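Asker: What follows is a structure written as structure tokens; I'll ask about it next.
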Amino acid sequence: MNFYIMTLFPEMVMDGLNTSILKRAMERDAIHVEAFNIRDYTQDKHKKVDDYPYGGGAGMLMQAQPVFSTYEAILEKRGKKDRCRVIFLSPQGRVFDQSFARELAQEEDLIFLCGHYEGVDERVLEEIVTDEVSIGDYVLTGGELPAMVMIDAISRMVPGVLNNEESAVTESHSDHLLEYPQYSRPEVWHGKPVPEVLMSGHHAKIAEWRLAQSVERTKRKRPDLYEQYRMEHPECENPEPKKRRRRRTSNTEENTCNS
Ligand code: ADE
């Protein structure tokens, strides 16, 4: 999958993404991430990319021309005739979540436009943007961090990005249930023992316990998610852990309630 990022701070996004799991994914060519510096495409002789808003008001606006020229350079680099989704990061957009990440992971190419200053000239947004996306109800200084957040969440769902062990991990939010608690060595820490069932070696019992923990946590910490889980799993209304098992064998995010 290819991610193209239009930004005034290419080092920020590339340095941030080129670490750990995503670095490995780029080395394996499971994903390709490329940042385009909007300033490189301005026709202004002083390399200016912003100007005052017509009608007055605070701050500066990113101008249409450098953004559009950057977009054209990406299309040329991409070398495909069909259009692809162009995501404009903005607090006014649709709020990003796991199911949106899953949807976007089906795309072959995605272009991100990171705004700065007080905004971007509306005319270029009208012309190129297909999706306006927010990562939450708060205002950041620019779209770079939101683009990085989205690329991380989307990439995890691209085949070949996570290894078997990583994809076998049950994921928070994957089916509207939060992750169950986990423990590692030592067996007792600060007087707190690891729950006995986890030491039993009884896999079915462990799976049962984990599902029950996930359900209880979701109900307590995120009643909104629990409502969605209940709606999507009416058969799990009163979880009877003995019959229910939560399986995670791949990153297809499959959940098995009864199997
Ligand atoms: N730009 C500024 N704030 C943002 C947010 N919350 N989400 C996406 N882009 C933004």
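This table checks each residue for (1) modelled with pLDDT of 95 or more; (2) over 23 Å from Arg85 (Cβ atoms).
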residue	(1), (2)
Val133	yes, no
Gly142	yes, no
Met148	yes, no
Glu166	no, yes
His173	no, no
His176	no, yes
Pro186	yes, yes
Ala204	yes, yes
Lys219	yes, yes
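Asker: Give me the helices (runs of 4 or more DSSP H) completely within the range 1-92, filtered to those with at least 1 residues that are within 17 Å of the chain's Cα centre (by Cα) and at positive phi, ordered by residue number.
Answerer: 20-27
Asker: Name every residue in the range 64-97 that is more than 16 Å from the ligand (Cβ to nearest atom) and in contact (Cβ under 8 Å) with a residue 60 or more places away in the chain, in order of residue number.
Answerer: Ala64, Phe68, Thr70, Tyr71, Ile74, Lys77, Arg78
Asker: Still on this structure, I have one more. How many residues does the range 128-168 hold that are open to solvent by 40 Å² or more (accessible area, probe 1.4 Å) and in a helix (DSSP H, G or I)?
Answerer: Residues in the range 128-168 being open to solvent by 40 Å² or more (accessible area, probe 1.4 Å) and in a helix (DSSP H, G or I): 6 in total.
Asker: Out of Arg210, Arg123, Arg185, Arg220, I need the residue that is of a type in the set (Lys, Arg) and either open to solvent by less than 60 Å² (accessible area, probe 1.4 Å) or in a loop (DSSP other than H, G, I, E, B) (or both). Which one?
Answerer: Arg185
Asker: Ok, one more. Hey, can you tell me all the residues within the range 68-109 that are open to solvent by 80 Å² or more (accessible area, probe 1.4 Å), more than 10 Å from Ser134 (Cα to Cα) and not basic (Lys, Arg)?
Answerer: Selection gives Glu72, Glu76, Asp82, Gln106, Glu108.
Asker: State which residue pairs qualify: first residue polar (S, T, N, Q) and inside the range 130-150, second residue in a strand (DSSP E or B) and near the ligand (Cβ under 9 Å from one of its atoms) in any location, beta carbons under 9 Å apart, and separation of 6 or more residues or different chains.
Answerer: Hits for this filter: Thr130/Phe88; Ser134/Leu89; Ser134/Ser90; Ser134/Pro91; Ser134/Gln92; Ser134/Gly93; Ser134/Val95.
Asker: A further question on this structure: Checking Phe112 against (1) within 15 Å of the ligand (Cβ to nearest atom); (2) in a loop (DSSP other than H, G, I, E, B), which single condition isn't satisfied?
Answerer: Status for Phe112: all satisfied but (2).
Asker: Let me ask you something else. Hey, among Asp40, Asp44, Asp29, which residue is modelled with pLDDT of 95 or more, closer than 18 Å to Glu144 by Cβ, out of contact with any Leu (no Cβ under 6 Å at 6 or more places or on another chain) and loosely packed, with under 15 Cβ neighbours inside 10 Å?
Answerer: Asp40
The values are calculated or read from the model by the stated rules, or taken from the named source; none is laboratory data. Treat the numbers as computed from the prediction; the structure is a model and nothing was measured. All Cβ positions, even for glycine, are placed from backbone atoms using ideal geometry, and neighbour counts span all protein chains on display. With ligands, DNA and RNA removed, areas are computed over all heavy atoms of the protein, side chains included. Shrake-Rupley method; radii C 1.70, N 1.55, O 1.52, S 1.80 Å.
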